[in-house]
Amino acid sequence: MSVKALEKVAKKFASEVIDKHSNAGDDTLIVKRAKIKEILKFCRDDKELKFEFCMDVCGMDYLGYPNQDRFEVVYHLYSVTHNHRLRIRARVPENDPVIDTSVDIWPGTNWFEREVWDMYGVKFKGHPDLRRILMYEEFQGHPLRKDYPVNKRQPLIGPQN
Amino acid sequence: MQEVVRKLPTSTMTLQMGPSHPASHGTSKFTVELDGETILAIDIEFGYLHRGFEKMCENVTWTQVVPYTDRLNYVSPLINNVGFYMAVEKIAEVKVPERALYIRTIISEMSRICDHLTCVAATAMELGGLSIFFYMIKARDRIWDLIEDITGARLTVSYVRIGGVMNDLPLDFAEKWKPVRSLVLAMLHDVDVMLTKNRIFIDRMRNTGIINGETAMAYGLTGPMLRGSGVKFDIRKASPYLVYDRVEFDVPVGAKGDNFDRYVVRMQEIKYAVSIIDQCLAQIPDGPFITDDPRLALPDKGSVYGSIEGTVDHFMHIMFGIQVPKGEAYSYVEGGNGELGFYVVSDGKGKPYRVRVRPPCFANLSALPTMITGALLADLVPTFDSINMIGGEIDR
C-alpha cells in the first residue's frame, strides 16, 4: 500500500528525487529542497495519498559525509484514511540553510520547525514566528549540530540592560 | 449609567502565568493577553527542563540510551523503553521471543493506566476535587508497587533490553495483579460516580477547549486528544505491534472534542487496559524472555564468571555496547498521550548517529492556542490538564 504512495510521489516529482528506499519497511524519499512545499502539498491533497498528518519534522546533520549536502529536514507523514506512512528527507546545503515552511499546509509543523531552527539552524522561509523553542533566546549556536561540542557550557545571559 | 460604562477606558492586560504555577505541571510559562477574563492571545514558553536528550544519546552506546528514555515521559517510562528498543530492533532486525512480547504489552498497559490516572487525577484536583486525586494516586501507587516488583524501580525503570526484557515477570505476578486490578476497577467506579455527573465538573469540562477532528489532524494531535475529537486512530489498532492483534479491545472516541470527551476517553481506556492485561496474562506462553543471541543480550552471570566466552561477551557489551548495522528506522507506539515516535539513525559505528523522539504532547500542546483563544482564563486550567503535558517529554 505505502509503496504505492512512495512510487506515486517519486513519479510525480521525478526531477526532484535524489534517492528512495524502503529499508526496514519505512518508505523513504530523498528530495531536493526547491519544491518541498509542492511535494508536501501534493501528499496532503492527493486522493490516493491523503496524508492528513505530519507526524514529525526533524533535522539531521550529516557533517563530513562526502557528496551530500550537510543538513536534512525529515518529514514523517501519516494518512489515517489509507493507514500508510511516508518519510520525506529534504537536503539542505550548509552555505544556505533555508527551506520553505510547511506551516500553511499543516499548522502543527509550526513548533517542529521552530525546533529544527533552534537545534540545527535551518531557517524556514515564510514561517510566521521563527523563534527558539527549547533553548533560550540568547543562546549562541545550535546545539544538535555535530560540530557543537557536547561538553560546551554557556553562561545564562540575563536581561540586557 | 449605560453611557458611563461605555466611556470607561478599557485596555487589554498581559498576564504572566508560570513558569512555576501549580497548574503548569512541570514548568511552562504562559503569556496571556486578556480582555477582562477573555483570552485574546496566548504564548507558551517551555524548555525549562531541557537537558539535551538527543545530544546525549549521540554520545553514548546503544544500551546506555535506555536510562535517558525513562526520563522522557516519567509517568509511563516503560512505554518509552519499549518504543526506543522497537526502533533499534527494526534496524537490526531482531526477533523478540513471544514471552517478551507479552511482558512488554503488559508493562505498556500498566504504564498507560498510570498515565491516564495521573492526568484525570490532576484535572480533578485542579477543579477542586482533591479526594479524587487521592483515590487515583492510591491506585497508581499500587501499580507502581507492581512495577517495582517487576523492574526493581518505581520510576526510573530501564527495564526493556534489545531483543527482550531485563528479567522475567515475578512468579506471583498474576496473583499480585488480582487485588490491584480490583482496586483500580473499584476506584474507577467511585471516580465515575463522583465526577461524571458532577454539576461543577461538567460545567468546567463540557464545551471548553473544543477542537474538531479536522483541525486536530492538521495539528498532528494523537492519542486521547485526537480520539476525543472523534477520529478513531489508535496505533495499537491501525498498525498492531507487540501482541495487540491478539487481544480484544475497543477504541473509545468522543463526539465534540471538548475536555469532557477527553476525560471519558481516558476513563474508558483505563478499563480496556485492565482487560488487555487480563487477556495477556491468560495467553502468556512460557519460554525465554530475551533473545539468546550473544551479540545482543548480556550473558547471564553464571557464564560471565564461569567461562571465557561469557567474560568476553560481557566485556564487549559493557565497553562497546551493541553493534547496530547502518540504517534508519522510525518506530511508533501508542504512548499515554499519543504517538510516541523514535526516529533512529545508525552509522554502524557503535553509537547512535541520531535519536529523535517525537513527543506526543509537543504536538498536542501546540494546538492549545487554537483551543483556548476566545475562552475564559479559567478554562485554561482544565484544557491544559486534558492535554497532559509532561515536562520531561516536551522539553527533552
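Which of the residues in segment A:131-149 lose at least 50 Å² of accessible area when you go from the chain alone to all protein chains together (probe 1.4 Å)? With the partner chains in place, segment A:131-149 has these residues losing at least 50 Å²: A:L134, A:L144, A:K146. Placing a label point 7 Å from the Cα of B:L185 along the Cα-to-Cβ direction, the residues of segment B:278-316 whose backbone N falls under 15 Å from that point are B:278-282. As a length-normalised measure over Cα pairs under 8 Å and 6 or more apart, the relative contact order of segment A:2-125 settles at 24 percent.
Summary of packing: across the peptides B:228-236, A:37-45, the per-residue average of other C-beta atoms within 10 Å ranks them, highest first, as B:228-236, A:37-45. Label separation (B:D203 vs A:K47): 5.0 nm, computed from points 7 Å beyond Cα along the C-beta direction.
Over the whole of A:45-56, what's the average partner chain Cβ count within 10 Å per residue? Rounded to a whole number, please.
Going residue by residue through A:45-56 and averaging, the value is 4.
Distant-in-sequence amide contacts of A:D56, defined by a placed amide H-H separation under 5 Å and a gap of 5 or more residues or a different chain, comprise A:H76. Contact residues in segment A:16-33 by the 20 Å² criterion (accessible area, 1.4 Å probe, full protein complex versus chain alone): A:A24, A:D26. If you take the square roots of the eigenvalues of the alpha-carbon gyration tensor of chain A and sort them as a ≥ b ≥ c, do you get rounded (a/c under 1.5), prolate (a/b over b/c) or oblate? Prolate shape, in that a/c is at least 1.5 and a/b is the bigger ratio.
Between the alpha-carbon centres of segment B:87-113 and segment A:57-103 there is a gap of 29 Å.
Measuring nothing but how far apart in sequence close Cα pairs (under 8 Å, 6+ apart) lie, relative to its length, segment B:107-224 scores a relative contact order of 20 percent.
Which residue, B:M267, B:M316, B:M225, has the most motion in a Gaussian network model of chain B that connects Cα atoms within less than 10 Å? Largest GNM mean-square fluctuation: B:M316.
Straight-line cross-link reach from A:K11 at under 20 Å between alpha-carbon atoms covers these lysines, not counting any fewer than eight positions away in the same chain: A:K20, A:K32, A:K35, A:K37, A:K41, A:K47, A:K50.
Protein heavy-atom surface of segment B:55-102, 1.4 angstrom probe: 54% of the accessible area is carbon and sulfur, with nucleic acids and ligands not counted.
Could you tell me the calculated FRET efficiency between B:S131 and B:A255, based on Cβ-Cβ distance and R0 = 22 angstrom, to the nearest 0.05?
On the way: r = 29 Å, r/R0 = 1.31.
Efficiency, rounded to the nearest 0.05: 0.15.
For the peptides A:48-55, B:170-177, B:211-218, the ranking by packing is A:48-55, B:211-218, B:170-177, with the highest mean count of neighbouring Cβ atoms within 10 Å listed first.
Our summary gives segment B:127-180 a relative contact order of 30 percent, counting only alpha carbon pairs under 8 angstrom and 6 or more residues apart. Of all lysines in the structure, those lying under 19 Å Cα to Cα from A:K146, and not within fewer than 8 positions of it along the same chain, are A:K123, B:K55, B:K326, B:K349, B:K351.
Annotation: aspartates and glutamates with alpha-carbon distance below 20 angstrom to B:K301 (same-chain offsets under eight excluded): B:D168, B:D292, B:D293, B:E309, B:D313.
Using the heavy atoms of the protein chains and a 1.4 angstrom probe, tell me the accessible area per residue for segment B:55-395 in square angstrom. Let's see the in-between values first.
Values: 12100 Å² over 341 residues.
On a per-residue basis, segment B:55-395 sits at 35 Å².
So for each of B:69-77, A:147-155, A:108-116 I average, over its residues, the number of other beta carbons within 10 Å; can you give me the resulting order with the highest mean first?
Going by the mean number of other Cβ atoms within 10 Å, highest first, we get A:108-116, B:69-77, A:147-155.
Can you classify the protein assembly as shown as rounded, prolate or oblate using the Cα gyration tensor, where a ≥ b ≥ c are the square roots of its eigenvalues, rounded means a/c under 1.5, and otherwise it's prolate if a/b beats b/c and oblate if not? Because a/c hits 1.5 or more and a/b fails to exceed b/c, the protein assembly as shown counts as oblate. Accessible surface buried by the A/B pair amounts to about 3600 Å², both sides summed, 1.4 Å probe. Approximating the spin labels as points 7 Å out from Cα along Cα→Cβ, the A:E138-to-B:T27 distance works out to 1.6 nm.
If you count, for every residue in B:216-229, the Cβ atoms of partner chains within 10 Å of its Cβ, what is the mean?
Details: counts 3, 9, 9, 8, 15, 2, 4, 0, 0, 0, 2, 0, 0, 0.
Average neighbour count from other chains, rounded to a whole number: 4.
The values are calculated or read from the model by the stated rules, or taken from the named source; none is laboratory data. From a predicted model like this one, the values you see are computed outputs, not experimental measurements. Cβ sites come from the backbone with ideal geometry, for glycine too, and all protein chains shown count toward neighbours. Each accessible area value is taken on the protein alone, full model and side chains, heavy atoms only, with ligands, DNA and RNA left out. Shrake-Rupley method; radii C 1.70, N 1.55, O 1.52, S 1.80 Å.
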